[in-house]
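Notes to accompany the following structure.
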Amino acid sequence: MARLGPPRGRFSVHTRAANVQRFQRDKFDIAIVGGGITGSGIARDAALRGLSVALLEKGDFASGTSSKSSRMIHGGLRYLRQRHVSLVRESLRERGVLLKIAPHLARPFPFLLPVYGGGLEERLQLKVGLTAYDLLAGRRNLERHRMLSRQEVLQQEPALRPDGLQTALRYFDCLVHDARLTLATVRSAARQGAAVANYVQATALEREDERVVGVHFRDLLYGRTGLLRAGVVVNAAGPWCDELRAMTSLPPMLRPTKGVHIVFPRHRLPVTNIVIFFHSDGRSLFAVPKEDWTYVGTTDTDHQGDPAQARADAADVAYVLEAANNAFPGRAIVPGDIVSTWAGVRPLVAEEGAPTPSDVSRDYEIQSEPPGLVSIAGGKLTTYRSMAQDLLDRLVAAEGRRLGWSPRPCCTADLPLPGGDVESFDSYAEGAVAALEEGWGLPPAVASRLVRTYGTEHAKILAYGLRDKRLLEPLTSGTAVLRAEALYAAEEEMAVTLEDFLARRTDLMLFDRDRGLGAAALVARLMGGVLGWGWRARRQQLRQYREAVAAMTAFAREKGTT
């Protein structure tokens, strides 16, 4: 197994070009199709075990489902009701692992479950459920749950519907920046020698006799084609998993479902905790505070068609608003309050006897057929690391000797992700933020966001300011995102389009009053200086970004939305 490392110190379009050349030139132990959280996790684990790894993603990293989650790292309290105890135990264990290896990206946050009506028996059942939740977390428990009085609930969340309110249970899980978690994971894989590239599409599988031995690909940026050869091909394409399986005439394994979230200014729906509430059909939703914004979701409906075209439509918006206005009746939220939306397609594994999408298990499945192809689907953002470990353990046991592998044991639960390499992140962050305020003159919100986004790597952003202090100014007066971040994204985070930066390297497409449009021209100029965009290329990037924003808010133009 050759150690095939990319040029050190950069993760840019130049790294990408070199890796595409490697795809054609070298043979790898493992080729992974899909650069979401599952594929990135497998690439990191395999590279850390000493295997040679290639990963190709037809869009940007995390541009599919992995940037469109509810952004929660949680045990799945509702899964206890479905008696999926092993899934809850695994999720709570992995929650603890993520807090250790990515403390800058995952942070504990309080959840509030109001209880309306019902009797003592119902409240006792909830109490027993949360006690079990605490016990399953064991020493990794964040904080024991509490039962609040009606008065305490309304003091914390005065916008909640007071009629019939009895009590509430408060417990802790975590929030995470899903796209940046994926990016950190794939960058970690690259640091260990994995060849990774975004905007490279798998077009066919190469077979010799009955075995899959490689992937035909097309570079979507430059139109080049080639054949990537590997001992094993891993299908981690998420909701596109069945498309790859169809290349070898395998039957579908998915039941894709769509989940939608909508974003408001926080003053329109002010919450302090993550508040759990219910639609009249019994489905649970969340209202999640994020700085000056609140996002609400999620739906769970069967989805047909291209997952890339999933959007929040008028029916989705009406569904979420109906539930939110029932739970927070004094707010009178209307579609005109919505700033942005996102919609993702879950690659759930189809199962018999599940009448609704919400009844489908969130567990994952691994299928090894035909020889040389391994498909993984299902699972949760929370458990991506353990899913990768399980797949590779199975793969090493089944194929390792035949392919001449001699891998090291899995170590992904102990090695920090980029930016998370500090023993006590809270103490580190407190000191770093103070230094940024006092020594660099950054406003508190800017300093805090910088450290919480990049962790120990925030110093790399500051280095741009030594070159030109104007680069440490915000992109616009209304944002905490710095100009230097656009350069860093192009030079160190393989951002190659305007949307890569505005939607996934930062949150400006979702959590900004003008959806990043006010900063877009400046970002195009900054990124263009790194990526070699002339005025035509910059104009094209701006047009494509405006089209993406328009598609995100198309629900407002649909019949039935007022």
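Brief remarks on what is shown
- Tally, over segment 351-409, of residues that are modelled with pLDDT under 90 and among the charged types (D, E, K, R): 5
- Which numbered condition GLY353 fails, given (1) part of a strand (DSSP E or B); (2) out of contact with any Ser or Thr (no Cβ under 7 Å at 6 or more places or on another chain); (3) surrounded by fewer than 19 Cβ atoms within 10 Å (Cβ to Cβ): (1)
- Scoring GLU365 on the criteria (1) in contact (Cβ under 8 Å) with a residue 24 or more places away in the chain; (2) in a loop (DSSP other than H, G, I, E, B); (3) of a type in the set (D, E, K, R) leaves a single failure, condition (2).
- Residue check for THR272: in a strand (DSSP E or B) and either among the polar types (S, T, N, Q) or touching a Cys at 6+ places or on another chain (Cβ under 7 Å) (or both): no
- Test result for ALA246, farther than 30 Å from GLU157 by Cβ and touching a strand residue (DSSP E or B) at 6+ places or on another chain (Cβ under 7 Å): no
- Segment 276-305, subset part of a loop (DSSP other than H, G, I, E, B) and under 19 Å from the mean Cα position of the chain (by Cα), residue nearest to PRO239 (Cα to Cα): ASP300
- Of the residues making up segment 71-117, those that are hydroxyl-bearing (Ser, Thr, Tyr) and more than 21 Å from the chain's Cα centre (by Cα) are SER86, TYR116.
- The strands (runs of 3 or more DSSP E) falling completely within segment 181-241 include none with 3 or more residues that are modelled with pLDDT under 95 and surrounded by fewer than 24 Cβ atoms within 10 Å (Cβ to Cβ).
- One residue stands out among those in segment 437-489 that are hydroxyl-bearing (Ser, Thr, Tyr) and part of a helix (DSSP H, G or I): the one that is farthest from LEU98 (Cα to Cα), which is TYR464.
- The condition (being buried (at least 18 other Cβ atoms within 10 Å of the Cβ) and among the charged types (D, E, K, R)) is satisfied by just one residue among ASP306, ASP300: ASP300.
- Count of segment 414-447 residues, restricted to those that are surrounded by fewer than 12 Cβ atoms within 10 Å (Cβ to Cβ) and either under 20 Å from ALA106 (Cα atoms) or in contact (Cβ under 8 Å) with a residue 40 or more places away in the chain (or both), is 6.
The values are calculated or read from the model by the stated rules, or taken from the named source; none is laboratory data. Predicted, not measured: the structure shown is a model, and the values here were computed from it. Every residue, glycine as well, gets a Cβ built from its backbone with ideal geometry; the counts of neighbours run over all protein chains shown.
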